Amino acid sequence: QVHVVESGGGLVQPGGSLRLSCAASGSIFRFYDMGWYRQAPGKQRELVAIIVSGGRTNYADSVKGRFTISRDNARNTVYLQMNSLKPEDTAVYYCKLRMLGSDYWGQGTQVTVSS
């Protein structure tokens, strides 16, 4: 069994910062990819950022230069540092672990950017 748990969401003013964490536990194979996705009300879930097992990263154009994804392999944890937040970043943020062809999702954490 694999479990993925997000944390760190909340309410922040425009221009502010938040750091999301995603911890994976259970039967974790050595090589896996982890990514952050988000879903705003009435919209489809979209990729925010991904980091593969070798450390290569990829970002949605809308967050490039503002968000940074990183990982701690010893803790099976991935982070999303979000700076210069905008109201349009408001969404439920989900973490996904991809391992051996299977996807494992967390329950999501709400991020609200509002004054």
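The values are calculated or read from the model by the stated rules, or taken from the named source; none is laboratory data. Worth saying up front: this structure is predicted, and the values here are computed from it rather than measured. Positions of Cβ are generated from backbone atoms using ideal geometry, with glycine treated the same way; all protein chains shown enter the neighbour counts. Remember, those area values only see protein heavy atoms, side chains included, never the ligands or the DNA or RNA. Shrake-Rupley method; radii C 1.70, N 1.55, O 1.52, S 1.80 Å.
In table form, for the structure just shown:
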read-out	value
Student exercise, the chain dipole from Lys, Arg, Asp, Glu Cβ charges, in Debye to nearest 20	160
Max mean-square fluctuation residue, GNM over the chain, Cα-Cα springs under 10 Å, options ASP89, ASP72, ASP33	ASP72
List THR77, THR57, THR90, ordered by accessible area with a 1.4 Å probe, largest first	THR57, THR90, THR77
Reciprocal of mean inverse Cα separation for region 10-53 (Kirkwood radius, Å)	13.2
Most mobile listed residue (SER53, SER102, SER62) in the chain, GNM with C-alpha springs under 10 Å	SER102
Low-density loop cleavage sites - chymotrypsin sites (Phe, Trp or Tyr not before Pro) in region 1-71, where at most 15 other Cβ are within 10 Å (DSSP)	PHE29, PHE31
Heavy atoms of ARG98: accessible area, 1.4 Å probe, square angstrom to 10	110
Relative contact order (%) - criterion: Cα under 8 Å, at least six apart; region: the chain	37
Semi-axis lengths, Å, region 52-115, gyration tensor of Cα atoms, sqrt of 5 times eigenvalues	23, 15, 11
Under 14 Å, Cβ to Cβ, from LEU20 - net charge with Lys/Arg +1 and Asp/Glu -1	+2
Rounded to the nearest 10 Å², the accessible area of LEU11 at probe 1.4 Å	130
Karplus-derived 3J(HN,Hα), 6.51/-1.76/1.60, for each residue of region 44-60, Hz, glycine and proline x	7, 5, 10, 6, 9, 7, 9, 9, 8, 4, x, x, 5, 10, 8, 10, 5
15 Å beta-carbon shell around VAL111, net charge (K/R +1, D/E -1)	+2
Candidates ALA74, ALA60, ALA24, ranked by Gaussian network fluctuation over the chain, Cα under 10 Å, top entry	ALA74
Under 12 Å, Cβ to Cβ, from TYR94 - net charge with Lys/Arg +1 and Asp/Glu -1	0
Among TYR59, ALA40, LEU85 - extreme Cα towards positive end, dipole of region 1-114, charges at beta-carbon	TYR59
Alpha carbon centroid spacing (whole Å) that separates region 86-108 from region 1-35	8
Surface per residue (accessible, 1.4 Å probe) for the chain, Å²	54
